[in-house]
Amino acid sequence: MPGLNRILVKTVRLSAWPLLVLMIIYFLSGYALCGLHGLGSLMSAEKALAIHKNLDVPLLAVFLAHTLPATWLAIQRWRWIGKRNSGQAAA
């Protein structure tokens, strides 16, 4: 299924950028919430908490969209499972 692998590679590459942005915002809001490293002056604790709490579901969704296809492709690359051949009958 070269078509499926191609879609999975594109999914991994496209989901990496939103994941990076969400992770940076998540860490910044967490540090601002705790007041660590001078990031407490970046935003108020209430705003940091609201941002931090509202990023849980989008972060999880983008994380899964990135890691599940990447894991599948890595397992194929390591030959723990074989690549599927579409259109051929099993012998």
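So, in the stretch 32-85, of the ones that are charged (D, E, K, R) and over 23 Å from the mean Cα position of the chain (by Cα), which residue ends up farthest from L4 (Cα to Cα)?
My answer is E46.
Looking at H37, is it modelled with pLDDT under 80 and in a helix (DSSP H, G or I)?
yes
Quick test of your reading of the structure: L20 fulfils all but one of (1) modelled with pLDDT of 90 or more; (2) touching a Phe, Trp or Tyr at 6+ places or on another chain (Cβ under 9 Å). Name the failing condition by number.
(2)
The values are calculated or read from the model by the stated rules, or taken from the named source; none is laboratory data. Quick caveat: nothing in here was measured; it's all calculated off a predicted structure. For neighbour counting, all protein chains shown are included, and Cβ atoms are generated from backbone atoms with ideal geometry for every residue, glycine included.
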